[in-house]
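Engineer: Right, I'll just put the structure down here and ask away after.
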Amino acid sequence: MLEFETKIRKWGNSLGIILPKNKLGKEKVRENEVLHIIMFRKNPKIKKTFGMLRGWKSGQEIKDISRKELYG
């Protein structure tokens, strides 16, 4: 897995990201290769992150579900 920060930039009528060659390292990413990207904001606010779950489950239930998904 590769992790680094990049900025979203305007690219014509779209938005795009740059994958810095020096950050790609051993990944051997090539032009036109399809990647699966997971995006996180650099400074997420806890209220915004968990606010959407208000009334859904308790904090402990959410942690248990997350652990089950991560670790099987």
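Engineer: Give me the net charge of LYS21's neighbourhood, meaning all other residues with Cβ under 14 Å from the Cβ of LYS21; Lys, Arg count +1, Asp, Glu -1.
Structural biologist: Values: positive: LYS23, LYS26, LYS28, ARG30; negative: GLU27, GLU31, GLU33.
The answer is +1.
Engineer: List VAL34, VAL29 from most exposed to least, where exposure is judged by having the fewest other Cβ atoms within 10 Å.
Structural biologist: Details: VAL34 4, VAL29 12.
In order of increasing Cβ crowding within 10 Å: VAL34, VAL29.
Read-outs throughout are calculated quantities, based only on the coordinates presented, and are distinct from any laboratory measurement. From a predicted model like this one, the values you see are computed outputs, not experimental measurements. All Cβ positions, even for glycine, are placed from backbone atoms using ideal geometry, and neighbour counts span all protein chains on display.
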